[in-house]
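All of the numbers you see were taken from the coordinates with simple rules; none came from a lab. Keep in mind that this is a model prediction, so the values were computed, not measured. Here the Cβ positions follow ideal geometry from the backbone for every residue, glycine too, while neighbour counts run over all protein chains shown.
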Amino acid sequence: MAAAKGLALVAGVDWQFMLVIGLFIGAFFASRLSGSFRVSLVPDLFAARFGPGAARRWGIGMLGGVLLGFGARLADGCTSGHTISGAAQLALSGWVATLGFFGGGIALALLLYGRRSY
């Protein structure tokens, strides 16, 4: 039994690892082909609203990640899992939760960034 647990901890290249690598490679090629590639620590939209500071951007990103992890742990799962599982089972609670997730995200985006046209 102990040997089986040890084997599960061995790091390897699996589909999840390759998915993450593929996301970066695909985004790089898409931006190069469209001519929009540039290196930037702070996106223009964020800089227009909160200032150009990279430390602030990273701090807010880290805080968001901590809050997301806390919420996922508190709710016993993440929003995407609840949405996919609930919708697949045609559960009313899954659809109501999904509407709440999207509604909350839209409301927060409007609160932070306003109704600007970019």
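No other residue among Ala109, Ala75, Ala91 is out of contact with any helix residue (DSSP H, G or I) (no Cβ under 7 Å at 6 or more places or on another chain) and surrounded by 13 or more Cβ atoms within 10 Å (Cβ to Cβ) apart from Ala91. Count of segment 59-99 residues, restricted to those that are outside any helix (DSSP H, G or I) and either among the acidic types (Asp, Glu) or on the phi < 0 side of the Ramachandran plot (or both), is 5. Tallying residues that are of a type outside the set (A, V, I, L, M, F, W, C), loosely packed, with under 12 Cβ neighbours inside 10 Å and under 28 Å from Gly114 (Cα atoms) within segment 20-34 yields 1.
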